Amino acid sequence: MTRLLRPLQWVWLLAVVLLVWELLTRTVAQSLFIPPFSAIIRTFGSSWFAATPSTLFLSDQFREHVLPSLGRIAAGYAIATVIGSCGGVLLGVWRPAGAFFNPLIRLGMSIPVTALLPLAIVVFGITNSMNIFLIALGCLWPILINAYDGARGIDGTMALTARSMQLSRRRYFLNVLLPGASPSIVAGMRVSVGTAMVLMVVSELYAATTGLGYYLTQQQRLFRFPELWSAILLIALIGILANAAFALLERSALRWHHTSRGDAR
Amino acid sequence: MTAAVLEVADLGKSYRSRKGDVPAVRSITFDVKAGEFVSVVGPSGCGKTTLMMCIAGLLPITQGAVSFRGTPLTKPRDGVAVVFQDYSRSLFPWLTVVKNVALPLKDRKVPTAEIRRRVTHALEMVGLGHAADLHPWQLSGGMQQRVAIARGLVVEPEVLIMDEPFASVDAQTRTSLEDLLLRIWAETGTTVLFVTHDIDEAVYLSDRVIVLSQGPSVVVADLPIGLDRPRDQVATKQTSLFGQLRGEVYGQVMASRKRTSLNGEPAAVPR
């Protein structure tokens, strides 16, 4: 297959599904709830974009509902990453602490974060902090557990080498443990991207006055289904973009890992 | 007579297990004088690596003492550097060559300009000045071990402990690394304690060869190697003295192997 045609083999199924969707919803399966895909695309354009260069071509609606959601995800995810990777690595190298906190971590992991939503609403009220707290908590566990495993799996020779160099604790942590555990940490972070998206939407469905989740419930109540679908499409696209950005970052930051193990680049 | 820089007195090491203590090193005593090149050989599994880790202060000893310049050595300290056998796990793959070599200096209050000078010098000594900005995994095995040697040299150690450093490279690379090491040893005047299972290598490199018994090990021989320096891979190895010394070390290693039978019980062997 030539280089130009190659991407086609990955998208043809998607194209067929969308085409069937379009045909069915225009002919035999007309429904208020499921509009034709072309209508969704049109609404998508008009809902989220505007001909105003000063706002980077983003509509007011985009700034009112998408930016707050992205902000909450970024904040929650960042908190989870910092606490999860540092805490996990520390627990991994400091055996007594690891054993001490293990039951607590197991318990924390086993509670679905969504079950804490009603409680969080009461404690935090309907605030940004509430959404951020839930996102951070949900993302924390996979990152923490993976960082813990990564730190425990540090090669014995590497640890001995570091000891023979008499590195300070701080330098050992920053230059040996953290990078050594980073392939595991990144694996946990990758899982957490999806979790962050889910918790963003769920927490906003019930308790927010802005954001994509809030926008979804509003459109549903107003029976504006093309708008509802265009928001779902946007969430999906954000997820795809986040994953792609993540893969790119991973490839450059962990090149030493993939190449030194002889994996595909 | 130069004073001993490293003294190992009745060193013993046992590992704790459920069935009680399992001795790995029974009792080792020897001195290393300043500037000497001393090799330790012994049958495989005799606890050579354990012994080196104990001497370097990386493993706690269970008996006896190690002293460095007259003071007890119980944990890693300045003046002693270690080069490990497995360079692929001893170099940090996330750091470039230059950062790997500079790492041991970072916590020693060495000024930045001085770090740069010493790292450049160490890399030039091992002939890797051009590879500074590459990562270890972009280098061949022999080059990686040269980086590890440069990292050992950069702290300007009085004693360089090398644990089978050339065991995982091919034969040709090995001979060139041996000559590189001899040149560096002559240039820097550092003391080298070198572990190997290769008898030719031990004889070719050393001033003295210490032969260990099968584990739990004791010293069975301490042979001075009176070969002229500088040594040459062809000329030195062709001398009759080389052959004689090699035979002597080989005999000692074989005899020490026979002294313990396969089931671990000491067997009576006429000497």
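Rule-based calculations on the coordinates, nothing more; no lab input. Because the structure is a prediction, the values reported are computed rather than measured. A quick note on method: Cβ atoms are made from the backbone with ideal geometry, for glycine too, and the neighbour counts reach across all protein chains shown.
Tabulated results
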item	result
Violating pairs (Cα-Cα greater than 21 angstrom) within the set B:Lys48/B:Lys75; B:Lys13/B:Lys48; B:Lys13/B:Lys75; B:Lys48/B:Lys99	B:Lys48/B:Lys99
Other-chain or far-sequence residues with amide H under 5 Å of B:Gly215's (modelled H)	B:Cys46
Top positive-direction residue, dipole computed over chain A with Cβ charges, set A:Ile235, A:Ile83, A:Phe133	A:Ile83
Alpha carbon centroid spacing (whole Å) that separates region B:1-58 from region B:151-218	15
Karplus-derived HN-Hα couplings along region B:27-35 (A = 6.51, B = -1.76, C = 1.60, θ = phi - 60°), whole Hz, x at Gly and Pro	7, 10, 9, 6, 10, 10, 8, 4, x
Estimated vicinal HN-Hα couplings, Hz - region A:12-19 in sequence order (Karplus 6.51, -1.76, 1.60; Gly, Pro = x)	4, 5, 4, 4, 5, 4, 5, 5
Residue-averaged beta-carbon neighbours from other chains (10 angstrom radius) around A:154-162	6
Residue mean of other protein chain beta carbons inside 10 Å, B:90-102	4
Selected from B:Gly247, B:Gly57, B:Gly215 as most flexible by GNM, with chain B as the system and alpha-carbon contacts under 10 Å	B:Gly247
Ranked A:Trp12, A:Trp48, A:Trp94, B:Trp137, criterion: other C-beta atoms within 10 Å, fewest first	A:Trp12, A:Trp94, B:Trp137, A:Trp48
For A:Ile235, A:Ile83, order by how many other beta-carbon atoms lie within 10 Å, fewest first	A:Ile83, A:Ile235
Mean Cβ neighbour count within 10 Å, used as a protection proxy, ranking A:151-161, A:53-63, B:79-89 highest first	B:79-89, A:151-161, A:53-63
Förster radius 35 Å - calculated FRET efficiency between A:Trp10 and B:Glu114, Cβ distance, rounded to 0.05	0.05
Mean projected area (nm²) of the alpha-carbon convex hull when the protein assembly as shown is viewed from all directions	36.9
Counting DSSP beta bridges with both ends in chain B, the antiparallel % (nearest 5)	55
Mean residue ellipticity (222 nm) of the protein assembly as shown, computed from DSSP H runs ≥ 4 via -39,500 (n - 2.57), nearest 500	-17000 deg cm²/dmol
Total charge dipole magnitude, the protein assembly as shown, about the Cα centre, Cβ charges on Lys, Arg, Asp, Glu only, Debye to nearest 20	820
Cβ-Cβ FRET estimate between B:Gln238 and B:Asp133, R0 fixed at 56 Å, reported to 0.05	0.85
Rounded to 10°, Cα long-axis angle of helix B:112-125 versus longest principal axis of chain B	60
Karplus 3J(HN,Hα) series, Hz, for region B:224-240 with 6.51 cos²θ - 1.76 cosθ + 1.60 (x for Gly, Pro)	x, 10, x, 6, 5, 10, x, 9, 9, 3, 8, 4, 4, 6, 8, 5, 6
Candidates B:Ala56, B:Ala132, B:Ala113, ranked by Gaussian network fluctuation over chain B, Cα under 10 Å, top entry	B:Ala113
Residue-count net charge about B:Ser90 - beta-carbon cut-off 11 Å; Lys, Arg +1, Asp, Glu -1	-1
Förster radius 30 Å - calculated FRET efficiency between A:Ala51 and A:Leu241 (Cβ-Cβ, nearest 0.05)	0.85
For q = 0.13, 0.21 Å⁻¹, Debye-computed log10 I/I(0) when each Cα of region A:126-265 counts as one equal scatterer	-0.72, -1.23
Kirkwood hydrodynamic radius over Cα pairs of chain A, then Stokes diffusion coefficient at 4 °C and 1.567 mPa s, in µm²/s	61
Cα gyration tensor category, rounded, prolate or oblate, for region A:186-243 with a/c compared to 1.5	oblate
The protein assembly as shown: antiparallel DSSP beta bridges as a percent of all, rounded to 5	55
